[in-house]
Amino acid sequence: MKNDLKRLFEKEKCRIQHSGDGAGGIGTLGEKSLHHMIKNVLMPDETFQEVPIGKFVADIYDGKKIVEIQSKSFHVLKRKLDTFLKIAPVTIVYPIPVKKYLNWIDPLTGEIKETRVSSKHGKIQDAAVEIIRIKSYLKEPGLSFRLLFFEVDEYKLLDGYGEKQKLHATKYDRTARSFLKEVRLEKSEDYRAFLPDGLGETFTSKDFKKCAGIALKTAQSTLNLLTTLEITRIEGKCGRMNLYCINQK
């Protein structure tokens, strides 16, 4: 499956490059390039793209299943889910930028002035920060997730504040350099993929943070999600912090 997806993403990347489709302004809904690429890979037939369902529009609907591609702000999906889940199973696709190349563009000439690798690296636990925002829907039998991991190029305009014009600069587009892997979340046990190696029999959110190499808030959100799904449980306290342990399968 991974090799098939990798091949499809490479094929779509080549198609975009040869067709001259540029960054930004793609599609009538102003999609970013990565979103557009994922949609074309998962559903090449445009007949089943941007399908009206009630008051909403689904990224993909083939009459059997609905796919929504969402890179942030899962809470805005609640009203859609209320409608979509009554009609068909829904899969939410979440892209994770494992490695990000920042490209700074002159807004007047379009020339790339600087490219560097971002110090921020995407982790699987980033998805937990979003999923926990719709945790009341997790028991819906028709809801699942596909986490797609990429190396990406992010393009920003040099139109911000400060000496280098980078502060609060406009995010112009995000494109895929390469597809790395996929993780599917279809049943509760699949969420064990969020557990990092190195955890002790009991641990705090700070221990989780250290083992996963993530921010404390991300660790807290992940543990909230895992506890909701009964993969972890609160065993007691360590000072003012909750002490967690992993439930056996």
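The values are calculated or read from the model by the stated rules, or taken from the named source; none is laboratory data. Every value quoted in this text rests on a predicted model; they were computed, and no experiment measured them. Cβ placement follows ideal geometry from the backbone for every residue including glycine, while neighbour counts extend to all protein chains displayed.
A few points about this structure:
- Of all positions in region 127-143, at least one carries a residue that is at pLDDT 95 or above and assigned to a strand (DSSP E or B).
- Failed criterion for HIS168 (all others in (1) surrounded by fewer than 20 Cβ atoms within 10 Å (Cβ to Cβ); (2) outside the structural domain of ILE38 (by TED's automatic domain parsing) hold): (2)
- Any chance CYS245 is outside the structural domain of ALA127 (by TED's automatic domain parsing) and outside any helix (DSSP H, G or I): yes
- Selection status of GLU151, in contact (Cβ under 8 Å) with a residue 12 or more places away in the chain and over 13 Å from the mean Cα position of the chain (by Cα): no
- Test: GLN220 is in a loop (DSSP other than H, G, I, E, B), of a type in the set (S, T, N, Q) and not assigned by TED's automatic domain parsing to the domain that holds SER136: no
- Complete set of residues in region 60-90 that are over 12 Å from TYR137 (Cβ atoms), assigned to a loop (DSSP other than H, G, I, E, B) and not charged (D, E, K, R): GLY63, GLN70, SER71, SER73, ILE87, ALA88, PRO89
- Members of region 148-184 found to be assigned to a loop (DSSP other than H, G, I, E, B) and not charged (D, E, K, R), listed by number: LEU158, GLY160, GLY162, GLN165, HIS168, ALA169, THR170
- Neighbours by Cβ (under 6 Å, 6+ apart or cross-chain): first from region 33-48, closer than 18 Å to SER71 by Cβ; second among the hydrophobic types (A, V, I, L, M, F, W, C) and part of a loop (DSSP other than H, G, I, E, B): SER33/ALA23
- Residue tally, condition in contact with a strand residue (DSSP E or B) (Cβ under 7 Å, 6 or more places away or on another chain) and of a type in the set (A, V, I, L, M, F, W, C), over region 200-230: 3
- Within region 145-161, not a single residue is within 30 Å of ILE234 (Cβ to Cβ) and exposed (fewer than 14 other Cβ atoms within 10 Å of the Cβ).
- Residues in region 100-126 that are at pLDDT 95 or above, in a loop (DSSP other than H, G, I, E, B) and not charged (D, E, K, R): GLY122, ILE124, GLN125.
- Listed conditions (1) at pLDDT 95 or above; (2) surrounded by 20 or more Cβ atoms within 10 Å (Cβ to Cβ); (3) of a type in the set (D, E, K, R) are all met by LYS32, apart from (1).
To keep it simple, each residue is scored yes or no on (1) surrounded by fewer than 17 Cβ atoms within 10 Å (Cβ to Cβ); (2) within 14 Å of TYR244 (Cα to Cα); (3) of a type in the set (A, V, I, L, M, F, W, C).
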{"site": "LEU195", "(1), (2), (3)": "no, yes, yes"}
{"site": "LEU199", "(1), (2), (3)": "no, yes, yes"}
{"site": "SER205", "(1), (2), (3)": "no, yes, no"}
{"site": "PHE208", "(1), (2), (3)": "no, yes, yes"}
{"site": "ALA212", "(1), (2), (3)": "no, no, yes"}
{"site": "ALA219", "(1), (2), (3)": "no, yes, yes"}
{"site": "LEU223", "(1), (2), (3)": "no, yes, yes"}
{"site": "THR228", "(1), (2), (3)": "no, yes, no"}
{"site": "ARG233", "(1), (2), (3)": "yes, yes, no"}
